[in-house]
Amino acid sequence: MPQRRDLNRVRAEFLETFVTALLPLNTLDRFKLAGVIATLWTDTLPDFKTLLENGFPGVIDGWVDAIADAVEDDEAAGPAFDPFAHRFVRRTMSDYLERIAAAKADVVRLKGEKEAFEQGNAPDDLDERNSPRGTTRRIWTARSANSRTNGSIPWVTPSEITALCGKYVRDTREKITPDGLAGSAAKLLPEGSVVVTTRATLGETAIAAVPLTTNQGFKSIMPNEDTDSLFAYNRIQTMKSEMVRLASGTTFLEISKADFSRIRTHRPKRTEQIRIAAVLDTMDEAIAKTEAVIAKLWQVRTGILHDFLTRGLDAHGQLRDPAAHPEQFKDSPLGRIPSDWEVRACHSLCREIVVGIVVKPAQYYVGEGVPVLRSANIREDRIKLDDLVFISQESNALLSKSMLHTDDLVTVRTGYPGTTCVVPSPLDGSRRPDHLSAR
């Protein structure tokens, strides 16, 4: 590929060979199948682009940069993705991941003992629990192919709730053993409990479909006989702004158990709670079905997008056919294109192309202020707004070069290079880290 430098041809061959091989199975029609394959291509496109420009060593460097960025983001306001789940990390650092799992167990145990001590409930066998470090692997294990022993109790983390599709938690990536649960301040939550994220990401909610426990990033509610779990789930989602108001913290926001417990809310009788929850549940189901239809349409759109952008439409609004009308096409550095199209460098299409904050932006993050768009926010079709971070007005004045304006194109440079979206008007004046922007 670095020698041929024809990514469009590779993509066309990729789509054609997969569709040819899979279409006879009659599982999807041609357009839907092309959409699925095109989505797969889109997911791996950053790696192909990097391979084209920098060869395989560049792909590895891009992975390393993306992993490093995610680790840095994790320290501030939540990672763009789980860096420890990246295939490169799992393949090359399995022993290190096991040590991280062991360290997590130690952290959980020590935090639990600290909390119990501060509440005057220090366990009688504190010294005994503090000493046998060799038992860590026995009490905490990750679900992986090379794990020799697995815990049995689901252990929920905030990242799993923010990525959850639906209301219910049924399984988790990591599990804790009964020994681990007994050796920490965590409690086993019964089915129907409502778990609420209260650290960094506030107010994300889910219902336990099975008995489980959580890390320290949650406050959990075990509804009594007067409270319906579904109603509580929906009601808590409306309390996020109050949780943010009561939260504190410099590195990340967190609401204490005392402040969380003091939040006031109205509650109808249980019979009415159930009726309200049933109506909301019906609406959620309708939304989910609509989103499924939209997802299928996106697959179809993705399947025909390449044809539109490489073959174009004729005067009658029909897709040009290079096989039937080769005279309508010409060779170019980017492959065969319509004869009346031209190839130009990006700089000739823009007034300017600039780079964002070439620093470690996490040092400037604060709880509220001017929005900053990280790699986690940049998607091909939109800007993801539910995990924005912020810088202060003072830092904003120092970083004027990184300002974004309405209709700017913002492009990720490292990790997943080429991912691009348009800045909407509500984010006019926001900032970007080490990204490109064109206007």
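Contact map, region 42-68: residues that are farther than 13 Å from residue 86 by Cα paired with residues that are of a type in the set (Lys, Arg), Cβ distance under 8 Å, separation 6+ or inter-chain. Pairs shown: 52/5. Residues in region 375-399 that are among the polar types (S, T, N, Q) and buried (at least 18 other Cβ atoms within 10 Å of the Cβ): 4 in all. In region 260-270, the condition of being crowded, with 19+ Cβ neighbours inside 10 Å and farther than 30 Å from residue 392 by Cα is met by no residue. Tell me whether region 190-205 contains one or more residues that are assigned to a helix (DSSP H, G or I) and over 26 Å from the mean Cα position of the chain (by Cα). Checking region 190-205: not a single residue is assigned to a helix (DSSP H, G or I) and over 26 Å from the mean Cα position of the chain (by Cα). Of the residues contained in region 170-189, none is found to be assigned to a strand (DSSP E or B) and more than 15 Å from residue 153 (Cβ to Cβ). Scanning region 193-206 for residues that are in contact with a strand residue (DSSP E or B) (Cβ under 7 Å, 6 or more places away or on another chain) and either free of Cβ contacts under 8 Å to residues at least 24 places away in the same chain or surrounded by 20 or more Cβ atoms within 10 Å (Cβ to Cβ) (or both) yields a total of 9.
Considering 340, 314, 321, the condition of being touching a residue at least 12 places away in the same chain (Cβ under 8 Å) and of a type in the set (Asp, Glu) is satisfied by 314 alone. Please determine whether any residue of region 327-338 is out of contact with any Cys (no Cβ under 9 Å at 6 or more places or on another chain), assigned by TED's automatic domain parsing to the domain that holds residue 409 and part of a helix (DSSP H, G or I). Checked region 327-338: no residue is out of contact with any Cys (no Cβ under 9 Å at 6 or more places or on another chain), assigned by TED's automatic domain parsing to the domain that holds residue 409 and part of a helix (DSSP H, G or I). Looking only at residues of region 18-27 that are within 31 Å of the chain's Cα centre (by Cα) and β-branched (Val, Ile, Thr), we find that the one that is farthest from residue 310 (Cα to Cα) is 27. Can you tell me which residues in region 167-182 are modelled with pLDDT under 85 and either of a type in the set (Phe, Trp, Tyr) or within 19 Å of residue 387 (Cα to Cα) (or both)? Once the filter is applied, which keeps residues that are modelled with pLDDT under 85 and either of a type in the set (Phe, Trp, Tyr) or within 19 Å of residue 387 (Cα to Cα) (or both), region 167-182 yields nothing. The set of residues from region 33-52 being surrounded by 15 or more Cβ atoms within 10 Å (Cβ to Cβ) and not β-branched (Val, Ile, Thr) comprises 33, 34, 35, 38, 41, 45, 46, 47, 48, 49, 51, 52. Would you tally the residues in region 222-271 being assigned to a helix (DSSP H, G or I) and not β-branched (Val, Ile, Thr)? The total comes to 21.
Residues are listed down the side, and each one gets a yes or a no for (1) in contact with a helix residue (DSSP H, G or I) (Cβ under 7 Å, 6 or more places away or on another chain); (2) among the small types (Gly, Ala, Ser):
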| position | (1), (2) |
| --- | --- |
| 214 | no, no |
| 226 | yes, no |
| 231 | yes, no |
| 236 | no, no |
| 241 | no, yes |
| 256 | no, yes |
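Give just the number: which of (1) of a type outside the set (Phe, Trp, Tyr); (2) touching a helix residue (DSSP H, G or I) at 6+ places or on another chain (Cβ under 8 Å); (3) modelled with pLDDT of 85 or more does residue 185 not satisfy? Unmet for residue 185, out of (1) of a type outside the set (Phe, Trp, Tyr); (2) touching a helix residue (DSSP H, G or I) at 6+ places or on another chain (Cβ under 8 Å); (3) modelled with pLDDT of 85 or more: (3). Quick one: would you say residue 285 is assigned to a helix (DSSP H, G or I) and over 36 Å from the mean Cα position of the chain (by Cα)? Criteria not met by residue 285.
Out of 295, 247, one residue alone is within 22 Å of the chain's Cα centre (by Cα), surrounded by 11 or more Cβ atoms within 10 Å (Cβ to Cβ) and at pLDDT below 85. It is 295.
The values are calculated or read from the model by the stated rules, or taken from the named source; none is laboratory data. Note that the structure is predicted; figures quoted are calculated from it, not measured. For neighbour counting, all protein chains shown are included, and Cβ atoms are generated from backbone atoms with ideal geometry for every residue, glycine included.
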